[in-house]
Amino acid sequence: MLKNFKLETDRSGLFDITPLVEDALASSAVNDGLLLVSVPHSTAAVTVVSPWDVLGLEDVHDEICRLVPTRIDFKHQYDTPQDAAGHVKAAIVGHSKSFFIDGGKLGLGHSQKIYLWEFDGPRSRNIQIKVMKS
């Protein structure tokens, strides 16, 4: 079962998509299997972070921006320097994550949430969630 969701981002940064993922799992009625979350975009990624300290979310975003700053000396400049930096950040973080399903529950730790990581916002984004029974 593949579910598609739209998300309008209002900025670059982290957006909690855990409720979308949990809803897709609940509607699938799969008790054991795998769940894949993917974003079909070259300037967005999927990651897992603890949300309990909001400043931690800012730290995570600030550090990827420090590691790959927006700059004008990228060799590829199709759109903007932010777009070029977004391609590199998304390639490092990854466009998808997979999770096991056990007893109808998603394989996340108690302090983990799933995030769409927007590197070139604001944008209209698609989120694809595939639930597979084992």
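The values are calculated or read from the model by the stated rules, or taken from the named source; none is laboratory data. Note that this is a predicted model, so its numbers are computed, not measured. Every residue, glycine among them, receives a Cβ derived from its backbone with ideal geometry; neighbour counts consider all protein chains shown.
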Scan of segment 49-91 for residues that are farther than 16 Å from GLY121 by Cβ, of a type in the set (D, E, K, R) and at pLDDT 80 or above, ordered by number: ASP53, ASP59, GLU63, ARG66
Any hit, segment 103-118, residues being in contact with a Gly (Cβ under 9 Å, 6 or more places away or on another chain), in a loop (DSSP other than H, G, I, E, B) and at pLDDT below 95: no
Selected residue (only one of VAL131, VAL93 is among the β-branched types (Val, Ile, Thr) and more than 23 Å from VAL54 (Cα to Cα)): VAL131
Restricting segment 22-44 to residues that are in contact with a Leu (Cβ under 7 Å, 6 or more places away or on another chain) and not charged (D, E, K, R), the residue that is nearest to ILE127 (Cα to Cα): VAL39
Failed condition for GLY86, given (1) within 14 Å of the chain's Cα centre (by Cα); (2) part of a helix (DSSP H, G or I); (3) closer than 15 Å to TYR115 by Cα: (3)
Conditions (1) closer than 28 Å to LEU34 by Cα; (2) not in a strand (DSSP E or B): number failed by PRO122: (1)
Wholly within segment 1-82, strands (runs of 3 or more DSSP E) carrying at least 3 residues that are surrounded by 13 or more Cβ atoms within 10 Å (Cβ to Cβ) and either of a type in the set (A, V, I, L, M) or out of contact with any Asp or Glu (no Cβ under 7 Å at 6 or more places or on another chain) (or both): 2-8, 33-38, 44-49
